[in-house]
Amino acid sequence: MKIRKICCIGAGYVGGPTMAVIAQKCPEIKVTVVDFNQARIDAWNDENLDNLPVYEPGLDQVVAEARGRNLFFSTAVDKAIHEAEMIFISVNTPTKTYGEGKGQAADLKWIELCARQIAAASDTDKIVVEKSTLPVRTAEAVTDILDNAGNGVKFQILSNPEFLAEGTAIEDLHKADRVLIGGDLNTQGGREAIEALVGVYSHWIPRDRILTTNVWSSELSKLTANAYLAQRVSSINALSELCEVTEADIDEVSRAIGADSRIGGKFLKASVGFGGSCFQKDILNLVYISRSYGLTEVADYWEQVIKMNDHQKGRFAKKIIKSLYNTVSGKKIAFLGWAFKKDTNDTRESAAIYVADHLLCEKANVHVFDPKVKAPQIQSDINYLQSRNQEENESLLSIDTDPYGACRDSHAVAILTEWDEFKTYDWQKIYDSMLKPAQVFDGRNILDHDALRTIGFRVYAIGKA
Ligand SMILES: NC(=O)C1=CN([C@@H]2O[C@H](COP(=O)(O)OP(=O)(O)OC[C@H]3O[C@@H](n4cnc5c(N)ncnc54)[C@H](O)[C@@H]3O)[C@@H](O)[C@H]2O)C=CC1
Ligand SMILES: O=C(O)[C@H]1O[C@H](OP(=O)(O)OP(=O)(O)OC[C@H]2O[C@@H](n3ccc(=O)[nH]c3=O)[C@H](O)[C@@H]2O)[C@H](O)[C@@H](O)[C@@H]1O
């Protein structure tokens, strides 16, 4: 079956870029991305490509090429579902903040809403693709809703998790290491649905990189991939603390172990802690699922990855406080970076939020500069934690539009995100404008520490004595 019309529910960080690339690579397929958030859809349709709701290098060109040709963004959800032969569900699946499983399980209310909408709006057979990251066996519930709430039409459910990383989304989509498609391999209908989706991706992904599995393996592989990646970061971060007391150097240790082809060199960069919308959420979900099957040791094993990450963020904040003579009250501390990694405007679960919160609890004056994150987002990230009231947050936390202004008259500068531009700043000028002793806390190990020390800075770097 050749697909001609695709609908994607959810125009977020995944739905937007993923569908833009499908539209770019498959000009004969009409791709409509729908969302009930009018502001988000308006931003996707904005004439000025700088106003797209997601910042990703190269995304603007892909959207410019396909939008209006075969790529459309709309709030008319039912219409798009009705027209499409294949429907991707790419909605948010955050950690539950209430009730059973609070703080661990994935909140699947938006998934269920999608399933019910698809069931109601469909009067022809459809292939429904889980693009969101979901707990293993979610397809069972989705199938049950579609089969029982629908109009008697047939649905095939596929799992097609997304592995793109933010900041490199377009590159990752263009040259995916693999595309994973889980489906019902035991039935003719299931195999046809899998082949239909393979047909979409094979426009640009070599066939041997498109893996097909059963649905449960596909669902679980996504959680597992994120858990493995996050575990590598927590492992190297655990060792960074040991380096600091033994005079080993974490970057040297990373290089030495990464040269072993069985270990590999990627994801071994020590940091102030991993962030992002998914690592923590997906591991907590894995922990919850394991516990719900009574697998206590499995759950405890993975939970340690999160505990280590929390420890890393906390000890960075404590290091700043200790180095500023155990009091930061009323002291200006500059934060360079707020996004959870470079080349994205996404701040979800960013380490910066938690380090700032720790310092604000000590009544520090934190001044933030980030090249892509806007002021209201930064304030809302801190308010969301509810550690203080909004007024207090606004008096303690300032957002600067100029990095030199953020650093002026500060006691310390902390690097929270590894933006490349931070390396190119005039650090002598920054030093001259700061209170002395001027201190730098490099939470990403990106600056030239010897050069900073020559200027006169006191430097703390992760995993360095
Ligand atoms: N952000 C990332 O880099 C990655 C995310 N994922 C997974 O992809 C899924 C989506 O993540 P993001 O795109 O980051 O989320 P997001 O929050 O940026 O976007 C989700 C969008 O879905 C919309 N939505 C929710 N329910 C809806 C409904 N019933 N009808 C219409 N629109 C609806 C929301 O308004 C929102 O705009 C999650 O399961 C996530 O775990 C997977 C790989 C990478
Ligand atoms: O499911 C998801 O959401 C995605 O999660 C991650 O992608 P992402 O969170 O966008 O970014 P990463 O590059 O994985 O970085 C995550 C965090 O780990 C940190 N990190 C990463 C690598 C490293 O060596 N050290 C380190 O501290 C980053 O700074 C960042 O805070 C995965 O890499 C993607 O494959 C996955 O699709």
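The values are calculated or read from the model by the stated rules, or taken from the named source; none is laboratory data. Fair warning: this is a prediction, and the values are worked out from it, not measured in the lab. Ideal geometry is used to build each Cβ from the backbone, glycine not excepted, and the neighbour counts take in all protein chains shown. Surface accessibility is based on the protein's heavy atoms, side chains included, excluding ligands, DNA and RNA. Shrake-Rupley method; radii C 1.70, N 1.55, O 1.52, S 1.80 Å.
Results for (1) in a loop (DSSP other than H, G, I, E, B); (2) among the small types (Gly, Ala, Ser), shown as yes or no for each residue.
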residue	(1), (2)
Leu268	yes, no
Ser271	yes, yes
Lys281	no, no
Ala299	no, yes
Lys307	no, no
Gly314	no, yes
Lys318	no, no
Phe340	yes, no
Val368	no, no
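Taking only segment 115-147 into account, find how many residues are assigned to a helix (DSSP H, G or I), away from ligand 2 (no atom under 16 Å from the Cβ) and touching a residue at least 24 places away in the same chain (Cβ under 8 Å). So the count comes out to 12.
Does segment 28-39 include one or more residues that are open to solvent by 40 Å² or more (accessible area, probe 1.4 Å) and assigned to a helix (DSSP H, G or I)? Checked against the condition, which is being open to solvent by 40 Å² or more (accessible area, probe 1.4 Å) and assigned to a helix (DSSP H, G or I), segment 28-39 yields at least one hit. Within segment 225-239, the residues that satisfy the criterion of being within 24 Å of Gly183 (Cβ to Cβ) and open to solvent by less than 50 Å² (accessible area, probe 1.4 Å) are Ala225, Asn226, Ala227. Against the condition touching a residue at least 60 places away in the same chain (Cβ under 8 Å), more than 11 Å from ligand 2 (Cβ to nearest atom) and more than 26 Å from His449 (Cβ to Cβ), how does Thr212 come out, does it pass? Answer is no for this residue. Of Gln386, Gln390, Gln377, all but one fail to be within 20 Å of the chain's Cα centre (by Cα) and outside the structural domain of Val14 (by the TED database); the exception is Gln377. Take Ala165 and tell me if it is within 15 Å of ligand 1 (Cβ to nearest atom) and surrounded by 23 or more Cβ atoms within 10 Å (Cβ to Cβ). It is false that Ala165 is within 15 Å of ligand 1 (Cβ to nearest atom) and surrounded by 23 or more Cβ atoms within 10 Å (Cβ to Cβ). If you go through segment 74-103 and keep only what is more than 15 Å from ligand 1 (Cβ to nearest atom) and open to solvent by 10 Å² or more (accessible area, probe 1.4 Å), you end up with Glu83, Glu85, Tyr98, Gly99, Glu100, Gly101, Lys102, Gly103. Within segment 261-282, residues that are farther than 23 Å from Tyr13 by Cα and among the polar types (S, T, N, Q) reach partners that are away from ligand 1 (no atom under 16 Å from the Cβ) and assigned to a loop (DSSP other than H, G, I, E, B) with beta carbons closer than 7 Å, at six or more positions or on different chains, in the pairs Ser271/Gly443; Ser271/Arg444; Ser271/Ile462. Only a single item in (1) assigned by the TED database to the domain that holds Val129; (2) within 16 Å of ligand 2 (Cβ to nearest atom) is not met by Leu197, and it is number (2). In segment 233-255, the residues that are more than 16 Å from ligand 1 (Cβ to nearest atom) and at pLDDT 95 or above reach residues that are open to solvent by 40 Å² or more (accessible area, probe 1.4 Å) and among the aromatic types (Phe, Trp, Tyr) with C-beta atoms within less than 9 angstrom, at least six apart or across chains, in these pairs: Ile236/Phe267.
In segment 183-208, of all residues being touching a helix residue (DSSP H, G or I) at 6+ places or on another chain (Cβ under 6 Å) and either within 15 Å of ligand 1 (Cβ to nearest atom) or in contact (Cβ under 8 Å) with a residue 40 or more places away in the chain (or both), the one that is least open to solvent (accessible area, probe 1.4 Å) corresponds to Trp204. The lone criterion from (1) part of a loop (DSSP other than H, G, I, E, B); (2) under 27 Å from the mean Cα position of the chain (by Cα) left unmet by Asp409 is number (2).
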